[in-house]
Amino acid sequence: MSRKKLLMGNWKMNLTIAEANAFCEDVKAASLVRQARQRGIMIGVAPAFIALQSVRKHAHGLIVASQDCHYADHGAYTSNVSIPMLQEIGVDWSIIGHSERRQYEGETSFTCNRKIKALVKQQFHVIYCVGETAKEYDQGLTKDVIREQVVTGLMGLSKDDMQYLVIAYEPVWSIGTGKNASVEIAEDIASFIRSLINELFGKVASQKTLILYGGSVKPNNIHEYMLQPDVDGALVGGASLKSESFKELLENI
Ligand code: PGA
């Protein structure tokens with residue numbers, strides 16, 4: 001089955017509103033969305049919460065995702081942003097479970113699961129991030145970790161819900177380190193994730209779900225990942241911050 005490709009920039013805590021707007025104008029001037037569409041590639045960015053509304057206005061066809069959200073619609077959750085708040089500004093994609101949230105903000109696969117269930121109920125597209133730490137990798141625990149993250153994160157979802165899910169495999173040791181995982185590792189784990197989805201939700205869902213690789217993806221290495229049968233795109237941090245580099249990523253897919 002042929003699946004679309006997805007190039008997603010995760011801006012993390014970078015780009016002010018003005019910088020984000022300038023990025024969007026560059027993307028528009030270079031007609032990147034049109035070029036991507038012609039090649040069957042979806043492209044998007046995940047700005048900081050404060051820049052979301054403005055980027056949404058200037059997106060010109062770019063997918064706009066939040067980097068997180070809360071599972072409750074409203075309430076006493078200081079500093080959090082809810083799904084209805086995102087809906088109000090026209091955002092319907094969200095990254096969930098990024099390793100930096102797991103590492104620094106106490107995010108667990110259980111909290112991810114609550115968020116994912118709330119999001120798919122509102123027909124949001126979810127990019128659910130999974131990945132092992134360097135220590136877990138060294139101990140040979142990668143697949144155990146991924147299994148727990150996938151099984152717990154997707155608990156209680158139906159086959160139908162899976163149409164909203166994208167899974168991003170991002171080994172923690174490769175994020176922001178310049179040590180990108182080999183294509184063999186990326187493909188091995190992407191195909192493992194696909195087999196888990198098959199186990200949990202059946203063949204159709206497993207064949208349809210997009211699986212991304214993330215971790216030190218750059219314009220000069222993105223292409224090799226895209227040649228792997230189970231890797232359907234990339235979640236890119238550092239190399240997605242400048243429009244010129246984002247354009248090169250797209251060109252090299
Ligand atoms: P990086 O980050 O491309 O800067 O390694 C990837 C990510 O965290 O999604």
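The values are calculated or read from the model by the stated rules, or taken from the named source; none is laboratory data. Model, not experiment: these values are computed from the prediction. Using ideal geometry, Cβ is built from the backbone for each residue, glycine included, and neighbour counts are taken over all protein chains shown. Each accessible area value is taken on the protein alone, full model and side chains, heavy atoms only, with ligands, DNA and RNA left out. Shrake-Rupley method; radii C 1.70, N 1.55, O 1.52, S 1.80 Å.
Values computed for the structure shown
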| item | result |
| --- | --- |
| Region 1-74: translational diffusion in µm²/s, Stokes-Einstein, Kirkwood Rh over Cα pairs, 20 °C, 1.002 mPa s | 164 |
| Trypsin sites (Lys or Arg not before Pro) lying in DSSP loop within region 25-98, provided at most 14 other Cβ fall within 10 Å | Arg39 |
| Surface accessible to a 1.4 Å probe, Phe49 within the full protein complex, Å² | 80 |
| Region 189-253 - accessible surface per residue (Å², probe 1.4 Å) | 37 |
| Region 151-201-region 1-65 distance, computed between alpha-carbon centres (Å) | 22 |
| Within the chain, helix-based [θ] at 222 nm, where runs of 4 or more DSSP H residues each add -39,500 (n - 2.57), nearest 500 | -12500 deg cm²/dmol |
| Top positive-direction residue, dipole computed over region 150-191 with Cβ charges, set Met162, Val172, Ser182 | Val172 |
| Hull volume in cubic angstrom per residue (convex hull over the Cα atoms of region 82-141) | 88 |
| Dipole magnitude of the chain, debye to nearest 20 (Cβ charges: Lys/Arg +1, Asp/Glu -1, about Cα centre) | 640 |
| Shape of region 139-181, Cα gyration tensor, a/c cut at 1.5 | oblate |
| Of the trypsin sites (Lys or Arg not before Pro) in region 170-222, those whose Cβ has at most 13 other Cβ within 10 Å and which sit in DSSP loop | Lys179 |
| Where Leu154, Leu227 fall by accessible area, highest first, once all protein chains stay in place (1.4 Å) | Leu227, Leu154 |
| Accessible solvent surface per residue of region 2-152, calculated while the other protein chains remain in place, 1.4 angstrom probe, Å² | 49 |
| Cleavage-rule hits, GluC sites (Glu not before Pro), region 19-124, DSSP coil, Cβ neighbours within 10 Å at most 14 | Glu105 |
| Stokes-Einstein D for region 128-253, Kirkwood Rh over Cα pairs, 10 °C, 1.306 mPa s (µm²/s) | 107 |
| Fully extended contour minus Cα-Cα distance, from Ser158 to Glu105, at 0.36 nm per residue | 16.3 nm |
| Calculated P(r) tail over 18 Å for region 14-127, as whole % of Cα pairs | 53 |
| Under 17 Å from the Lys208 label point (7 Å along Cα→beta-carbon), backbone N, region 99-124 | 120-124 |
| Most positive-pole-ward Cα, Gln35, Gln207, Met8, against dipole of the chain from beta carbon charges | Gln35 |
| Percent accessible area from carbon and sulfur atoms, the chain, protein chains only, probe 1.4 Å | 51 |
| Distance histogram for the chain (every C-alpha pair counted, 5 angstrom bins, percent rounded to whole numbers) | 1, 6, 14, 19, 21, 18, 13, 6, 1, 0 |
